[in-house]
Amino acid sequence: MVDFSFECISGGQGKFDVIFIHGLNGDPRATWTAEGADQGANAFWLDWICVDLADANVYLLGYPTDIIAPWLRGEMSLYERSKAVLEHLSSFGIGSRPTAIVAHSLGGLLAKQLLRTGIDASDEAWKAVARSVKLICFLATPHSGSTVASAVKLATP
């Protein structure tokens, strides 16, 4: 079962790709929308990037991130999710152009797993996705773990 989304919000004819990955309890659009802003012009700040970086293909990657994440319930590990996302990204031609990733929170952990899984893969399309990444911007990514993860671990038998 594919439980993620991938949406191009720019024209898709650019020279490089920028992928935005939301975090824990996030949403592919709400994460990048100014909180409390009028939902009119300028609330969704990725629209600015599409204007300012006309050569960019701007994508939103969405996946389930409730507080008890699916992989904690045994549905899909971060590794398995990264394999599914790599397959999906490669089907959209990601890996054929330079790529930048902007990742928030848990999205950063997914981005790191995507790179590791892609580099180690025997699938050349997955390797191409990983090799195309030239820049990653981590926003509040718990590189050394988080207290939420520790609390969930304590709460599970």
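Derivation of every value follows stated rules applied to the coordinates shown; laboratory data play no part. Given the structure is predicted, the values throughout are model-derived calculations rather than measurements. All Cβ positions, even for glycine, are placed from backbone atoms using ideal geometry, and neighbour counts span all protein chains on display.
Once the piece of chain linking D55 and A84 is laid out straight, how much longer is it, given 0.36 nm per residue of separation minus the C-alpha distance between them? List each step's numbers first, then the result.
Numbers: separation 29, 0.36 × 29 = 10.44 nm, distance 2.73 nm.
Between D55 and A84, full extension yields 7.7 nm more.
Taking amide H atoms as placed 1.01 Å from N in the peptide plane, list the residues 5 or more away in sequence, or in a different chain, whose amide H sits under 5 Å from that of G93.
none
Between C137 and E124, 0.36 nm times their residue separation minus their Cα-Cα distance comes to what?
Result: 2.2 nm gained on full extension.
Would you grab the residues whose amide H sits under 5 Å from the one on I101? Only those 5+ places off in sequence or on another chain, please, with H modelled 1.01 Å from N.
I19, L135, I136, C137
Quick one: which residues, 5 or more positions from A56 or on another chain, have an amide H under 5 Å from its amide H? H modelled 1.01 Å from N in the peptide plane, none for Pro or chain starts.
Amide H neighbours of A56, under 5 Å, 5+ apart: K15.
Mind ordering 102-113, 120-131, 15-26 by average Cβ neighbours within 10 Å, highest first?
Final packing ranking: 102-113, 15-26, 120-131.
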